[in-house]
There are 4 protein chains.
Amino acid sequence: MCSEIKQIQQQLAKFAAERDWEQFHSPKNLAMALSGEMGELTEIFQWLTTEQSKHLPAAKKAHLEEEIADVLMYLVRLADKCDVDIMAACQKKLYKNEQKYPIDKCFGNAKKYNEL
Amino acid sequence: MCSEIKQIQQQLAKFAAERDWEQFHSPKNLAMALSGEMGELTEIFQWLTTEQSKHLPAAKKAHLEEEIADVLMYLVRLADKCDVDIMAACQKKLYKNEQKYPIDKCFGNAKKYNEL
Amino acid sequence: MCSEIKQIQQQLAKFAAERDWEQFHSPKNLAMALSGEMGELTEIFQWLTTEQSKHLPAAKKAHLEEEIADVLMYLVRLADKCDVDIMAACQKKLYKNEQKYPIDKCFGNAKKYNEL
Amino acid sequence: MCSEIKQIQQQLAKFAAERDWEQFHSPKNLAMALSGEMGELTEIFQWLTTEQSKHLPAAKKAHLEEEIADVLMYLVRLADKCDVDIMAACQKKLYKNEQKYPIDKCFGNAKKYNEL
């Protein structure tokens, strides 16, 4: 397990315990909080063109950094609470995606695997 | 930067390049894809009680691992494309949260900082 | 088509035209804006228990009314832009749901139709 | 209140009661379900360009109709459960938006009101 992710999980556990917030951190609630933060991240890009999204001005970039951090922190907190090894899960999914999206079938084509 | 996250970013960059998918991976599109995956993660918990969410049966847990992986992968891909150091952003936000949520003001209280 | 929904669509079209905002209201952008507002709605409930969510204090209820309005407005604006008859779509989906979820198969059971 | 929306609310209440699903329909759960459906709607547009989103092929349009219906149904169900007059809420918010976004200040400019 990535030691920096483990460190964040420990910092978040301590942060919650110090504030007696454990009571709020059920997986269900953490999924909702994650969802709320996702909305804030999406909002940054909603009126931008594709091209503008590739060249964010400094203020928007700083805002994006915060929202990426918020999403990551709730995600690793949820993984911690549900005993999910987040890195192992990624490698497993990467492998599965290789099978679902063979290069010859989906080169240059963004169709979902069940539409290929 | 966490070497396991850097590794995932490289694997995702290779996966996209091999399939000529770079054209689809603007930050705007990646934010939307992240949003789509968030919906799938939320769905796992929507009808569960708080208590049930703490004790997921094996099938739901396996499904959760996949969705956590999907969200993380799009998140680190977006960070990569926008040149965001995801770990530094987390440490910065953790520090900011310490200021926004002083223990004495929010012990046992889930109010948002602007409602304290 | 519901005349009150048609009226909202006309008010929103006028609001956007007056501000030269048509340029931002592609279906893609409207879907993202809808997503952003969804996050704000979810946030209202994230730390509440199921029981608390049934008895919202006045301030939270007022906030919920605003977020429900925001989501509805972007939804009917998206339907308008994509030429979707929103009421006809609902009746069609209600009928489809009756087929997907026969009473005898899913009484008291929240499983998704493909898990029944 | 729009009689077609009232009709949908009654159909949904009957659908839930017939299946003994009332137990799952707390506002908290409905907000999560709404969130899940939002993800499915977003997914339709994620890899499309802005231009492509304006000219959806028949299959994608049919899919969009279903997802718009799903989002609307959970939204009006949530409004019903929380005793929110959805149409009155929209008119109130439209008025508030007129104040937040005066034409002379935001003509051709998509900035959020607190950035104007």
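Details
- Residue in segment C:91-107 that is of a type outside the set (A, V, I, L, M, F, W, C) and within 14 Å of chain B (Cβ to nearest Cβ) present: yes
- The residue that is nearest to D:F24 (Cα to Cα), among those in segment C:40-65 that are under 19 Å from the mean Cα position of the chain (by Cα) and of a type in the set (S, T, Y), is C:S53.
- Inter-residue pairs, beta-carbon under 7 Å, first outside any loop (DSSP other than H, G, I, E, B) and in segment A:89-116, second surrounded by fewer than 12 Cβ atoms within 10 Å (Cβ to Cβ), 6+ apart: A:K105/A:L116; A:C106/A:L116
- The criterion of at least 3 residues that are not hydroxyl-bearing (S, T, Y) is met, among helices (runs of 4 or more DSSP H) falling completely within segment A:1-76, by A:3-18, A:27-45.
- Checking each residue of segment A:72-84 against the condition of being touching a Gly at 6+ places or on another chain (Cβ under 9 Å) and within 27 Å of A:I44 (Cα to Cα) gives at least one match.
- Residue in segment D:51-68 that is in contact with a Lys or Arg (Cβ under 7 Å, 6 or more places away or on another chain) and assigned by TED's automatic domain parsing to the domain that holds D:K28 present: yes
- Note on segment B:79-88: residues that are at the interface with another protein chain (Cβ under 9 Å from one of its Cβ atoms) and assigned to a helix (DSSP H, G or I) amount to 5.
- For segment B:10-61, filtered to residues that are among the hydrophobic types (A, V, I, L, M, F, W, C) and exposed (fewer than 14 other Cβ atoms within 10 Å of the Cβ), the residue that is farthest from the other protein chains (Cβ to nearest Cβ) is B:A58.
- Among (1) surrounded by 13 or more Cβ atoms within 10 Å (Cβ to Cβ); (2) within 22 Å of C:I8 (Cβ to Cβ) - the single one D:K112 does not satisfy: (1)
- Within segment C:55-105, the residues that satisfy the criterion of being under 14 Å from D:E66 (Cβ atoms), in contact with an Asp or Glu (Cβ under 9 Å, 6 or more places away or on another chain) and basic (K, R) are C:K92, C:K93, C:K96.
- Scan of segment C:13-42 for residues that are over 20 Å from D:L72 (Cβ atoms) and either acidic (D, E) or touching a Ser or Thr at 6+ places or on another chain (Cβ under 8 Å) (or both), ordered by number: C:E18, C:D20, C:E22, C:S26
- Any chance C:K81 is under 21 Å from C:E4 (Cα atoms) and touching a His at 6+ places or on another chain (Cβ under 7 Å): yes
- Test: residue in segment A:65-78 that is of a type in the set (K, R), in contact (Cβ under 8 Å) with a residue 60 or more places away in the chain and more than 10 Å from chain C (Cβ to nearest Cβ): yes
The values are calculated or read from the model by the stated rules, or taken from the named source; none is laboratory data. Note that the structure is predicted; figures quoted are calculated from it, not measured. Positions of Cβ are backbone-derived with ideal geometry, glycine not excepted, and every protein chain shown enters the neighbour counts.
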